[in-house]
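This report refers to the structure that appears directly beneath it.
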Amino acid sequence: MADLWWIYSKPVPADRRELWTLFLQCSCITVVIGSLFYNWLFASLEYSWHLSVSVAISFSLLLLLTLFVVHPARCVFSMIMPTLGTKQGRKLLFSTCIMIAVVNITPNIISNIKTILQVIKCICKNSSDSLLNSTALLEKVSWEFGDAIQETVRSIYKPMNGHFRFSLLQNSSLIYQKMHLASEKISREFLSVEVLVKDSVRVANRLAAGFFMLYLCFESTWYLKNYLTNLRFDNFYITKKLECLAMDRKAAHLLVGSSKKLIRPTGLKLSWEEVVLCLVQAMLVTVALMLMLVVVAMDHFAFSVADTAVRKAAQFSAVPVTLNIKYKVSAGLSCPALPGDPTLCHFREVKLQLRDFNRTYHHHLIFSSAHCSISPPSPPNPSVLLVVGLLFCILYATVFLETYARRLCRSIAAAFFQSWEEKRVLHLYRKLSSRHRKE
């Protein structure tokens, strides 16, 4: 492994064997990265199969040529891997979490909302049917009541027509048509909103993912540029070369006295600035986790409401309605006494008792029916929650591994540019010596 790394990090291969070894190394790296790149385009960013294959092949060929020919490009590419453990890698993971939420959680929420609307539609349809049937009952009651009024003792008191006239809508297709149009309009609006949200988030996620990948390459390039141009940049580590230089010049006490300010690149010790940075990054990840938990809670809440609505709608019983009509009336003539001659009127009042009307009618209002087409509620997908939880565990791990990832970037740069690393070590040694003399 040491020999392979030495060949990979050398500026120019020494012979034909090293040249072929370097080519095989770059080819293996290209195949692995190309496969991951294709899977990322097709599965995560949801590009078409043909576009993903063509872009992945073109990217792989370009990457192979660049790694094989350009020595600094190999260094930058090698530093991209540990850079994935920094904030740039976290941004890519955040983008993946958002895409998973949009593709899997949001449609499930909309599906449960559609189920709730279907329950409401079913209740409205059956209740309107019951109300229309109740008008038919009222028509029957009115005719029976009118017949009872017609049955008088003498025809002189018989009304011309004792029937009540109801304007009854016998054909309910107009109401059903309007309800159907309203439900279709709501479904189209929900579908358009769902498609709009998916497309918008998909485009935004693609742009963000492309930007993060470019910025990832830029950050590695920026680190290498500062490493090669600034001797003070990220130069506070007790490396083996620094220890050897101090031992050769018999100045080991410089490293002991500066142990609070210098750290070992292979050690687990973190400086105070690194600890504060980790805590800040952990807080940002926690905020993102809370937002994701809100989306997950909305998914569970929508499923709970939809499931409750479906179960309660199936348990709706018919509501009995009782119509009780009591009717009692008397009819008669009254003749007022004329002034001066009361004998002109033979009767003061004549009363004729009509037949009493006392009947009870029963009807049932139905709010639910087995003929309603209601799609079952969609429960939250546990595998999606597992994937999101795993991604956030990786996010929290990268928060505390970011410092060690940067140290690994420095070790990679030192391996690719060993002559420059010696200059940096010499600069740090002179700086420690100067500080020691001042003290």
#### Entry: Total formal charge among the other residues, if their Cβ is under 13 angstrom from that of E243, Lys/Arg +1 and Asp/Glu -1
+4
### Message
For Y361, what residues show an amide H to amide H distance below 5 Å, using hydrogens built from the backbone and excluding near sequence neighbours?
### Response
L323, N324, I325
### Task
Please give the net charge around Y8, taking every other residue with its beta carbon less than 13 angstrom from that of Y8, where Lys and Arg add +1 and Asp and Glu add -1.
0
### Query
Solvent-accessible area per residue for the range 1-69 at a 1.4 Å probe radius, Å²?
65 Å²
### Query
Ranked highest first by the average count of other Cβ atoms within 10 Å around their residues, in what order do 294-302, 8-16 fall?
294-302, 8-16
### Summary
Computed from the beta carbon distance with a Förster radius of 22 Å, FRET efficiency for L365 and K185 to the nearest 0.05 stands at 0.25
### Summary
The alpha-carbon center of the range 203-218 and that of the range 77-117 are separated, in whole Å, by 14 Å
### Cα-Cα over 25 Å, subset of K10/K91; K91/K423; K10/K269; K140/K326; K91/K114
K10/K91; K91/K423; K10/K269; K91/K114
### Query
So between V203 and A14, what do we pick up on full extension, going 0.36 nm a residue minus the alpha carbon distance?
63.3 nm
### Summary
With the 8 Å Cα cutoff and a minimum separation of six or more residues, the range 1-69 has a relative contact order in percent of 31 percent
### Task
Count the net charge of all other residues whose Cβ sits under 13 Å from the Cβ of A309, scoring Lys and Arg as +1 and Asp and Glu as -1.
+3
### Query
Using Cα pairs under 8 angstrom and six or more residues apart, how large is the relative contact order of the range 3-130, in percent?
20 percent
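The values are calculated or read from the model by the stated rules, or taken from the named source; none is laboratory data. These figures come from a predicted structure and were not determined experimentally. Every residue, glycine as well, gets a Cβ built from its backbone with ideal geometry; the counts of neighbours run over all protein chains shown. Just the protein is used for accessible areas: all its heavy atoms, side chains included, with ligands, DNA and RNA removed. Shrake-Rupley method; radii C 1.70, N 1.55, O 1.52, S 1.80 Å.
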